[in-house]
Amino acid sequence: MSLTNVAVVGFGYWGPNLVRNLCELDNCRVKTVCDAQASRLNTVRRRYPSIEATQDWRDLLSDPEIDAIAIATPVSTHYPLAKAALLAGKHVLIEKPMACSSEHCEELIDLGKRQGKIVLVDHTFVYTGAVRKIKELIRSGEMGQIVYFDSVRVNLGLFQHDVDVMWDLAPHDLSIMIHLLEKTPVAVRAVGLTLPELKHTSIAYLAFEFDDAVIGHVHVNWFAPVKIRQTLLAGTRKMIVYDDNDPSEKVKLYDKGIKLATREDIYQTLVQYRMGDMSSPKLDQTEALLTECRHFIECIQGRCEPESGGELGLQVVRVLEAASESLRSLGQRVEVKGRMLSAGAAA
């Protein structure tokens with residue numbers, strides 16, 4: 001079995017999860033962890049004595065044994081770190097969002113192709129058993145034609161200092177939406193609120209238009225008394241409630257809907273309600289990040305295109321850019337530039 005040597009940059013909030021899951025893989029070795037804070041590296045040395053630790057990320061670029069670099073650092077650093085890693089001949093896994101601008105995303109995608117290296121964006125929810133099952137139900141035709149996607153992601157904090165609530169929380173819902181619908185919105189309207197004590201928008205509502213009858217909506221909020229992670233997905237045949245906080249029944253499939261019928265003896269359309277059963281399908285319980293890390297290594301070793309590759313990362317950033325522009329213009333409709341007609345590459 002071939003072994004891929006990986007380095008992780010950033011051992012703050014998300015980096016420890018990456019290290020833990022990468023260490024679970026038989027075909028992967030975490031060779032080095034890099035962080036600017038010495039105290040965090042002391043934690044690495046205590047938990048993982050076999051892993052090297054450094055405060056200088058340039059050590060990773062010059063190490064010929066390192067095949068790939070996972071980047072778990074603030075958003076503003078994603079582009080320069082990923083670019084340097086690709087130029088050094090390393091594959092990269094980049095925490096979401098991929099970069100601060102679509103231009104930087106495009107450059108990283110092009111550079112990855114020219115270097116022959118894998119670029120995977122850490123849109124972890126794409127790899128959950130719940131989202132994979134929903135994707136399966138949609139593709140089977142059991143849902144019918146999708147009508148709307150409606151998602152709520154709220155909690156009290158964690159307030160970020162470098163990005164607003166849209167760039168922090170909405171990438172989760174946008175990646176799920178684009179992945180499931182296999183298309184990118186045509187346009188977006190966004191409104192939000194900035195709390196007086198903070199400089200970034202803390203509450204936002206995003207409404208999406210598509211090039212067909214589908215509509216989408218995402219509500220993200222750092223200032224809520226409860227933690228809600230819920231998505232409604234309605235089709236013409238069946239509907240889904242996806243509650244990520246539910247420990248046992250994250251996906252509920254409802255055989256409910258309506259049927260329109262016109263009676264000849266009256267001049268009106270009658271609405272008939274279908275009230276069928278609710279079922280909760282069995283889901284793969286594997287930790288999503290472990291599935292993602294395994295997929296990353298398999299893509300490196302098999303030279304295949306990742307499910308959450310640069311194209312998905314780019315589309316999420318393009319939608320965020322349009323949402324930010326709409327937010328600045330008090331909710332005006334803003335078209336999503338350079339969108340893909342289909343996100344099939346992220347299927």
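General observations
Yes or no, residue by residue, for (1) part of a helix (DSSP H, G or I); (2) outside the structural domain of ALA204 (by TED's automatic domain parsing); (3) in contact with a helix residue (DSSP H, G or I) (Cβ under 6 Å, 6 or more places away or on another chain); (4) touching a residue at least 40 places away in the same chain (Cβ under 8 Å):
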residue: HIS295; (1), (2), (3), (4): yes, yes, no, yes
residue: ILE300; (1), (2), (3), (4): yes, yes, no, yes
residue: CYS304; (1), (2), (3), (4): no, yes, no, no
residue: GLU325; (1), (2), (3), (4): yes, no, no, no
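- Pairs where the first residue, in region 138-152, is on the phi < 0 side of the Ramachandran plot and the second is part of a loop (DSSP other than H, G, I, E, B) and β-branched (Val, Ile, Thr), C-beta under 6 Å, 6+ apart: GLN145/THR236; ILE146/VAL214
- Residues satisfying the stated conditions in region 67-104, i.e. in contact with a Lys or Arg (Cβ under 6 Å, 6 or more places away or on another chain) and among the hydrophobic types (A, V, I, L, M, F, W, C): ALA68, ILE69, LEU86
Rundown of residues vs (1) in contact with a Leu (Cβ under 6 Å, 6 or more places away or on another chain); (2) more than 22 Å from PRO306 (Cα to Cα); (3) of a type in the set (Val, Ile, Thr), yes/no style:
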position	(1), (2), (3)
PHE11	no, yes, no
ASN21	yes, no, no
VAL44	no, yes, yes
GLN55	no, yes, no
LEU61	no, yes, no
TYR79	no, no, no
MET98	no, no, no
ILE109	no, no, yes
ARG114	no, no, no
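- Listing of helices (runs of 4 or more DSSP H) fully contained in region 51-129 that carry 1 or more residues being surrounded by fewer than 23 Cβ atoms within 10 Å (Cβ to Cβ), outside the structural domain of LEU174 (by TED's automatic domain parsing) and touching a residue at least 40 places away in the same chain (Cβ under 8 Å): 75-87, 102-115
- For region 183-197, residues that are crowded, with 22+ Cβ neighbours inside 10 Å and in a strand (DSSP E or B) total 3.
- Taken over region 93-149, the residue count meeting the criterion of being small (Gly, Ala, Ser) and touching an Asp or Glu at 6+ places or on another chain (Cβ under 8 Å) is 4.
- Lone qualifier among HIS217, HIS200 - being in the same structural domain as ILE178 (by TED's automatic domain parsing), surrounded by 14 or more Cβ atoms within 10 Å (Cβ to Cβ) and in a strand (DSSP E or B): HIS217
- Pairing each residue of region 270-284 that is more than 18 Å from VAL241 (Cβ to Cβ) with any residue that is of a type outside the set (D, E, K, R) and surrounded by 12 or more Cβ atoms within 10 Å (Cβ to Cβ), provided the two are 6+ apart or on different chains, yields C-beta distances under 7 Å for ASP284/GLY129.
- Check on ASP173, farther than 30 Å from ARG139 by Cα, of a type in the set (Asp, Glu) and buried (at least 23 other Cβ atoms within 10 Å of the Cβ): no
- Condition check for LEU41: assigned by TED's automatic domain parsing to the domain that holds ASP110 and over 26 Å from GLN115 (Cα atoms): yes
- Taken together, the criteria place LEU195 among residues that are assigned by TED's automatic domain parsing to the domain that holds LEU233, over 18 Å from the mean Cα position of the chain (by Cα) and touching a residue at least 24 places away in the same chain (Cβ under 8 Å).
- When VAL152 is tested against the conditions (1) closer than 22 Å to SER248 by Cα; (2) crowded, with 21+ Cβ neighbours inside 10 Å; (3) not aromatic (Phe, Trp, Tyr), the lone failure is (2).
- Looking across region 121-147, the residues that are within 21 Å of TRP14 (Cβ to Cβ) and touching a Lys or Arg at 6+ places or on another chain (Cβ under 7 Å) come down to VAL121, ASP122, HIS123, ALA130.
- Checking the stated criteria, VAL316 turns out to be of a type in the set (Val, Ile, Thr), modelled with pLDDT of 95 or more and buried (at least 21 other Cβ atoms within 10 Å of the Cβ).
- Test: GLY15 is within 30 Å of SER324 (Cβ to Cβ), touching a residue at least 40 places away in the same chain (Cβ under 8 Å), touching a strand residue (DSSP E or B) at 6+ places or on another chain (Cβ under 6 Å) and not basic (Lys, Arg): yes
- Single residue of GLY257, GLY310 found to be touching a strand residue (DSSP E or B) at 6+ places or on another chain (Cβ under 6 Å) and at pLDDT 95 or above: GLY310
- Where a residue in region 211-225 is more than 24 Å from LYS337 (Cβ to Cβ) and its partner, wherever it lies, is buried (at least 22 other Cβ atoms within 10 Å of the Cβ) and modelled with pLDDT under 95, with Cβ under 7 Å and at least six apart: none
The values are calculated or read from the model by the stated rules, or taken from the named source; none is laboratory data. Computed from a prediction, not measured in an experiment: that's the story for all the values here. All Cβ positions, glycine included, derive from the backbone under ideal geometry; neighbour counts span all protein chains shown.
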